[in-house]
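The values are calculated or read from the model by the stated rules, or taken from the named source; none is laboratory data. Bear in mind that the values here come from a model prediction, so they are computed numbers and not experimental data. Cβ coordinates were reconstructed from backbone atoms using ideal geometry, including for glycine residues, and neighbour counts include every protein chain displayed.
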Number of protein chains: 2
Amino acid sequence: MKNASDKSPNFLYAQSTSVGRADRERLNGHPGKVFWFTGLSGAGKSTLANALEVALHARGFRTYILDGDNVRLGLNKDLGFSDADRSENIRRVAEVSRLMLDAGLVVITAFISPFRRERDMARNLVGPDDFVEVHVDTPLAICEQRDPKGLYRMARAGKLANMTGVDSAYEPPLSPEFVAHAGTQAVEDMVIGLMRCVSKPQGA
Amino acid sequence: MKNASDKSPNFLYAQSTSVGRADRERLNGHPGKVFWFTGLSGAGKSTLANALEVALHARGFRTYILDGDNVRLGLNKDLGFSDADRSENIRRVAEVSRLMLDAGLVVITAFISPFRRERDMARNLVGPDDFVEVHVDTPLAICEQRDPKGLYRMARAGKLANMTGVDSAYEPPLSPEFVAHAGTQAVEDMVIGLMRCVSKPQGA
């Protein structure tokens, strides 16, 4: 490829002046990070993700939440809830998280992500050093009592298949970076704990 | 759903305190934007995308480039180069651009994206107000002379199928926001023109 390079100074120029993750982090004043929230439906993942984002944003962190609302209706709208589609759903979320981490953001994902194999895939794609697995560990009985979307009632009535915790397994993390006891702890206390997983922005 | 909401104050809390795009843009001091670069292989899309990112970054803009290097090898590694896969490739890039725009970033995409229908899809997904279609308009003869990846030679030798400009069509934009004559204009001049498409960061 030597000849091609010699004929293509613009190509070399592009290579040598790229803005990288470290440059973006320097501009933001804080490192990027991926918080990967996992837990049953109704465990409180979205609530906690939102509260964490609010706290981080107020302190000058550049943040983004990936959840069913903005992923399942857009990027992953071609996917259903079969095992293969669930796996592809998580793969794409992990890949987008990786890109956003490279963009210098603190990414917070909020998906049930019930299977260890897929969460491990996400960890490896993102890179273990930047990955904070957060088990939102609320007992099934409490999740089912809350049932904010009415999904457990539908599943118990036989009107919804593949409901995690009912007729589909949830594999709890074996060694998550953080366990949020969202059934008993106050949101504020959990957020304070989670904030310790990121470095303070410069000048804050 | 009234009962469910009453029982679920955390859920309401999350809804009312979400950080939105406007908040992120305020923190960054500039609005998000999507620059969609389209043009033949060898037209200079990546070179110009990189030069634009360097210039924007130096002025305090939060930026990210989506290109073959970080998308085809990750998020879209399951896709080939059939018409259907090319379309899905562009759809996903557009959806990720939309998410990154929502995250407050100035996104620059650099893909051949040869078909009008797909670029229009991207424009509609992102939203016309935030979409800057940039035609990197370098004559085929020049692209083929540069041939930085040796693809034209392979295509002409019958060793590569579906090469845009050789045996697959390129549909030039009918009314792009910006035309970059990358065969004759200096990169610096094109960058100056492109910079006019974004608002200056506050305090810069």
### Which numbered condition residue A:178 misses (of (1) within 12 Å of another protein chain (Cβ to nearest Cβ); (2) within 17 Å of the chain's Cα centre (by Cα); (3) not charged (D, E, K, R))
(1)
### Task
Could you tell me which of the residues B:164, B:184 is surrounded by fewer than 12 Cβ atoms within 10 Å (Cβ to Cβ) and within 23 Å of residue B:48 (Cα to Cα)?
B:184
### Query
Can we say residue A:167 is among the charged types (D, E, K, R) and at pLDDT 95 or above?
no
### Query
Quick one: which helices (runs of 4 or more DSSP H) sit completely within region B:1-115 and have at least 3 residues that are surrounded by fewer than 24 Cβ atoms within 10 Å (Cβ to Cβ) and at pLDDT 95 or above?
B:21-28, B:45-58, B:83-102
### Message
Can you go through B:182, B:155 and tell me which one is more than 20 Å from residue B:69 (Cα to Cα) and in a loop (DSSP other than H, G, I, E, B)?
### Response
B:182
### Task
Six or more apart or on different chains, Cβ under 7 Å: which pairs go from a residue in region A:139-161 that's in contact (Cβ under 8 Å) with a residue 40 or more places away in the chain to one that's among the hydrophobic types (A, V, I, L, M, F, W, C) and in a helix (DSSP H, G or I)? Could you list them?
A:147/B:4; A:148/B:4; A:148/B:11
### Query
So, of the residues in region B:194-204 that are surrounded by fewer than 14 Cβ atoms within 10 Å (Cβ to Cβ) and either at negative phi or touching a helix residue (DSSP H, G or I) at 6+ places or on another chain (Cβ under 7 Å) (or both), which turns out to be modelled with the highest pLDDT?
B:196
### Query
Considering only residues of region B:73-123 that are within 15 Å of the chain's Cα centre (by Cα) and acidic (Asp, Glu), which is farthest from residue B:151 (Cα to Cα)?
B:102
### Message
Any residue that is more than 30 Å from residue A:61 (Cβ to Cβ), surrounded by 17 or more Cβ atoms within 10 Å (Cβ to Cβ) and acidic (Asp, Glu) - is there at least one of those in region A:137-156?
### Response
yes
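Residue by residue, here is whether (1) acidic (Asp, Glu); (2) more than 9 Å from chain B (Cβ to nearest Cβ) holds:
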| position | (1), (2) |
| --- | --- |
| A:46 | no, no |
| A:51 | no, no |
| A:56 | no, no |
| A:71 | no, no |
| A:75 | no, no |
| A:78 | yes, no |
| A:83 | yes, yes |
| A:90 | no, yes |
| A:96 | no, no |
### Summary
Restricted to region A:142-163 and to residues being aliphatic (A, V, I, L, M) and more than 14 Å from chain B (Cβ to nearest Cβ), the residue farthest from residue A:115 (Cα to Cα) is A:157
### Query
Mind checking which residues of region A:162-171 are out of contact with any strand residue (DSSP E or B) (no Cβ under 7 Å at 6 or more places or on another chain) and assigned to a loop (DSSP other than H, G, I, E, B)?
A:163, A:165, A:166, A:167, A:169, A:171
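Yes or no, residue by residue, for (1) hydroxyl-bearing (Ser, Thr, Tyr); (2) touching a Ser or Thr at 6+ places or on another chain (Cβ under 6 Å); (3) at pLDDT 95 or above; (4) assigned to a helix (DSSP H, G or I):
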position	(1), (2), (3), (4)
B:121	no, no, yes, yes
B:124	no, no, yes, yes
B:133	no, no, yes, no
B:142	no, no, yes, yes
B:145	no, no, yes, yes
B:148	no, yes, no, no
B:160	no, no, no, no
B:173	no, no, yes, no
B:176	no, no, yes, no
### Query
Taking region B:114-140 only, how many residues are on the phi < 0 side of the Ramachandran plot and either among the polar types (S, T, N, Q) or within 14 Å of another protein chain (Cβ to nearest Cβ) (or both)?
7
### Message
Return the residues of region A:51-90 that are of a type in the set (Phe, Trp, Tyr) and in contact with a Pro (Cβ under 9 Å, 6 or more places away or on another chain); say none if nothing qualifies.
### Response
A:61
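Between B:169, B:186, B:155, B:103, which is closer than 30 Å to residue A:106 by Cα and not acidic (Asp, Glu)?
On the way: B:169 fails: closer than 30 Å to residue A:106 by Cα; B:186 fails: closer than 30 Å to residue A:106 by Cα; B:155 fails: closer than 30 Å to residue A:106 by Cα.
Of the residues listed, the single one that is closer than 30 Å to residue A:106 by Cα and not acidic (Asp, Glu) is B:103.
In region A:119-144, how many are of a type in the set (Asp, Glu) and closer than 24 Å to residue A:183 by Cβ? Working first, answer last.
Of all residues in region A:119-144, those of a type in the set (Asp, Glu) come to A:120, A:129-130, A:133, A:137, A:144.
Narrowing further to those that are closer than 24 Å to residue A:183 by Cβ: A:133, A:137, A:144.
Going through region A:119-144 one residue at a time, the tally reaches 3.
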### Summary
Among (1) farther than 21 Å from residue A:129 by Cα; (2) at the interface with chain B (Cβ under 10 Å from one of its Cβ atoms), residue A:41 falls short only on (2)
### Summary
Residues of region B:185-204 being assigned to a loop (DSSP other than H, G, I, E, B) and within 14 Å of another protein chain (Cβ to nearest Cβ), in sequence order, are B:185, B:186, B:201, B:203, B:204
